[in-house]
Structure formats: C-alpha cells, structure tokens
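Peer 1: Have a look at this one.
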Amino acid sequence: MKLRNFIVLGFAVLLLGVGNPELGKQKANTCIACHGEDGNSQVDLWPSLAGQNFKYLKRQLLLMKSGERPVLEMAGQLDSFTDQDIEDLAEYYSREKNKIGQVSADLVDLGSKLYYRGSLEKGIPACTACHSPRGKGNSPAGYPLLSGQKTEYITKTLEEYRTGERQYSEESAIMVSIAYKLDNKEIEALASFINGLY
C-alpha cells in the first residue's frame with residue numbers, strides 16, 4: 001500500500017510540475033544579495049520572497065525571464081534558468097517563513113479600514129477579497145502573499161500600478177483599476193499596514 005501511494009504521489013508531482021525545494025535552495029545563491037538568505041529581503045525596495053505563493057512566484061519569474069514584466073534589477077538574472085529551475089526556486093521560497101514588520105501607529109486605522117473594508121465612496125474593494133484577511137493571498141488563484149512585505153516596496157508597487165507603469169497581465173490590470181483611486185496617504189497607510197499584517 002505504501003509503495004502504491006509513493007508511486008501515485010510521484011506521478012502527481014510529474015504531472016503538476018512541482019519544484020524541488022532542495023534544488024531550489026541551491027539555485028537561490030544568486031538571489032541572496034537582493035532577497036536575503038532565506039527570502040526575507042533586507043532592502044526595503046526589494047520584495048521578500050519567503051512564503052510567497054508558488055503559483056504567483058513561478059508566474060512572475062517566468063514573466064520576468066520572457067521580458068513581459070520588465071524589472072531592471074532582474075535583467076539577465078534568469079537567462080540561464082530553465083522552467084524547472086524556476087519551479088524549484090518558487091517551491092523553495094514558498095516553503096520559507098516570511099518575517100512580519102511593524103505598522104506605524106498613526107497609520108493603523110486608515111490602513112486597517114482600507115485593507116478590510118475598502119472605500120465605498122471611492123469604489124475601492126477590500127484587499128481581503130484577493131489577498132485574504134491575514135495577507136496570505138490566494139494560492140490557487142495565483143494572488144500574492146502581502147503579509148510582511150517591506151513598506152517601501154508596497155508603496156513603490158502601488159504607485160506603479162496607479163500610474164499604469166506596472167501592467168503586464170490581466171491580474172495586474174485589476175490592481176491598476178484599484179490603485180489609481182488611492183491617494184498618497186492611503187498608499188502610505190496600506191503599505192505600513194501590510195508590512196505588519198499577520
């Protein structure tokens with residue numbers, strides 16, 4: 001019975017294309033400088049990868065490799081990576097534990113309101129609809145984990161969505177339609193709240 005389960009599991013892994021986290025860890029050596037030893041970025045402008053949903057991370061890496069999502073800092077970084085390498089990386093980082101930051105006390109109320117309720121007056125939906133109440137995202141749908149992302153990175157990302165600079169897929173078009181309604185104070189509050197969300 002155990003052998004049968006093992007064979008079925010192995011076949012399922014082949015069909016699903018699940019990555020190998022051990023190989024992913026080895027392949028992550030080039031990622032450490034920007035994204036940290038365990039995927040928790042030490043630099044505020046770069047995203048943490050630890051705990052990120054496999055499906056989302058794999059898709060973003062493939063988009064960056066193809067050039068469909070241009071990220072200057074990632075130019076050339078994935079050129080030698082196969083699709084399997086990318087799956088291994090995504091699997092490795094998806095299993096790491098993300099670190100949570102801290103919310104600025106003066107931004108908690110506004111950040112919490114926007115994240116959990118949105119703004120009916122401005123037509124902004126609650127972030128929880130796609131990213132879950134605890135910021136874990138929606139793995140099957142490919143929506144990213146936000147919890148613990150650096151404040152400056154979230155601010156930069158929302159500003160790029162607001163201007164339409166960051167628009168490379170159907171999912172990002174959703175964010176563009178939301179972010180253009182956010183003012184600077186709302187972006188600041190959301191970014192701070194997300195950094196401390198757990």
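The values are calculated or read from the model by the stated rules, or taken from the named source; none is laboratory data. As the structure is a prediction and not an experimental result, all values here were calculated from the model. Because the Cβ atoms are built from the backbone with ideal geometry, glycine has one as well, and the counts that use them run over all protein chains shown. Ligands, DNA and RNA are excluded from the accessible area calculation, which covers all protein heavy atoms including side chains. Shrake-Rupley method; radii C 1.70, N 1.55, O 1.52, S 1.80 Å.
Peer 1: Give me the log10 of I(q) over I(0) for the range 66-128 at q = 0.29 Å⁻¹, as the Debye formula computes it from C-alpha points; what are the numbers?
Peer 2: Reported log10 I(q)/I(0), two decimals: -1.17.
Peer 1: Report, in cubic angstrom per residue, the convex hull volume of the C-alpha atoms of the range 124-181. Don't jump to the answer; show the numbers that get you there.
Peer 2: Numbers: hull volume 4.6 nm³, N = 58.
With only Cα atoms used, the range 124-181 gives 79 Å³ per residue.
Peer 1: Separate question: Under the Karplus relation 6.51 cos²θ - 1.76 cosθ + 1.60, θ = phi - 60°, what is the ordered set of whole-Hz ³J(HN,Hα) values for the range 106-117, x standing for Gly and Pro?
Peer 2: Working through the residues one at a time gives 6, 10, 4, 4, 5, x, 5, 4, 5, 5, 8, 10 Hz.
Peer 1: Bin width 5 Å, origin at 0, all Cα-Cα pairs of the range 46-98: what percent of pairs per bin?
Peer 2: Percent of Cα pairs in each bin: 4, 23, 29, 27, 14, 2.
Peer 1: Counting pairs on different chains as well as pairs 8 or more places apart, how many Lys pairs in the range 85-198 have Cα atoms under 19 Å apart?
Peer 2: 14
Peer 1: Another question about this same structure. Against the 2.2 N^0.38 Å scaling, with N counting residues, where does the range 12-89 land? I'd like the Cα-based Rg ratio to two decimal places. It would help to have the intermediate numbers written out before the result.
Peer 2: Values: Rg = 12.2 Å, N = 78, 2.2 N^0.38 = 11.5 Å.
After normalising by residue count via 2.2 N^0.38 Å, the value is 1.06.
Peer 1: Okay, moving on. How many nm separate the modelled label positions at Leu23 and Ala105, each set 7 Å beyond the Cα in the direction of the Cβ?
Peer 2: 5.1
Peer 1: Near the amide H of Asn138, under 5 Å away, which other amide H atoms are found, from residues 5 or more places off or on another chain, if H is placed in the peptide plane?
Peer 2: HN-HN under 5 Å from Asn138: Tyr143.
Peer 1: Give me the distance between the Cα centres of the range 30-105 and the range 138-159, rounded to whole Å.
Peer 2: 12
Peer 1: Restricting to DSSP H runs of at least four residues, report the calculated mean residue ellipticity at 222 nm for the chain, -39500 (n - 2.57) per run over all residues, nearest 500 deg cm²/dmol.
Peer 2: Working: 10 runs with 101 residues, N = 198.
Value at 222 nm, helices only: -15000 deg cm²/dmol.
Peer 1: If you count only protein heavy atoms with a 1.4 Å probe, what accessible area per residue comes out for the chain, rounded to a whole Å²? If you can, show how the numbers build up before the last one.
Peer 2: On the way: 11190 Å² over 198 residues.
Using a 1.4 Å probe on heavy atoms only, each residue of the chain averages 57 Å².
Peer 1: Based on the Cα atoms of the range 32-143, what semi-axes does the equivalent ellipsoid have, where each is the square root of 5 times one gyration tensor eigenvalue, given in whole Å with the largest first?
Peer 2: Values: eigenvalues 163, 55, 39 Å².
Semi-axes (√(5λ), whole Å): 29, 17, 14.
Peer 1: Right, here's the next one. Expressed in nm², what is the orientationally averaged projection area of the convex hull enclosing the Cα positions of the range 85-175? Don't skip to the end; give the middle numbers.
Peer 2: Working: hull surface 28.4 nm².
Convex hull of Cα atoms, orientation-averaged projection: 7.1 nm².
Peer 1: Going from most exposed to least, what order do Ser112, Ser192 have by accessible area with a 1.4 Å probe? Let's see the in-between values first.
Peer 2: Numbers: Ser112 35, Ser192 5 Å².
Accessible-area ranking of Ser112, Ser192, largest first: Ser112, Ser192.
Peer 1: Sort the following peptides by mean Cβ neighbour count (other Cβ atoms within 10 Å, averaged over residues), highest first: 67-79, 32-44. Mind showing how you got there, number by number?
Peer 2: Details: 67-79: 11.5, 32-44: 16.5.
Going from most to least packed, we get 32-44, 67-79.
Peer 1: Now a separate question. So what is the relative contact order of the range 64-198, in percent, for Cα pairs below 8 Å that sit 6 or more residues apart? Could you put the intermediate results ahead of the total?
Peer 2: Values: 170 pairs, mean separation 40.7, N = 135.
Relative contact order here is 30 percent.
Peer 1: Of Lys156, Lys55, which has the most accessible area and how do the rest follow, probe 1.4 Å?
Peer 2: Working: Lys156 75, Lys55 100 Å².
Ranked from most to least accessible, the order is Lys55, Lys156.
Peer 1: Given H placed 1.01 Å from N in the peptide plane, which residues other than close sequence neighbours of Ser119 have an amide H under 5 Å from its amide H?
Peer 2: Ile124
Peer 1: Here is a further query. Treat each spin label as a single point 7 Å out from the Cα along the C-beta direction, and report the Glu165 to Asp183 distance in nm.
Peer 2: 2.2
Peer 1: Further, regarding this structure: Once the piece of chain linking Ser80 and Glu121 is laid out straight, how much longer is it, given 0.36 nm per residue of separation minus the C-alpha distance between them? Before the final figure, lay out the partial values.
Peer 2: Details: separation 41, 0.36 × 41 = 14.76 nm, distance 4.81 nm.
Gain in length upon complete extension: 9.9 nm.
Peer 1: Keeping all protein chains in place and using 1.4 angstrom, which order do Glu170, Glu87 fall into by accessible surface area, from largest down?
Peer 2: Heavy-atom accessible area, descending, gives Glu170, Glu87.
Peer 1: Take the Cα atoms of the chain, find their three principal axes, and give me the spread along each one in whole Å, biggest first.
Peer 2: 57, 41, 30
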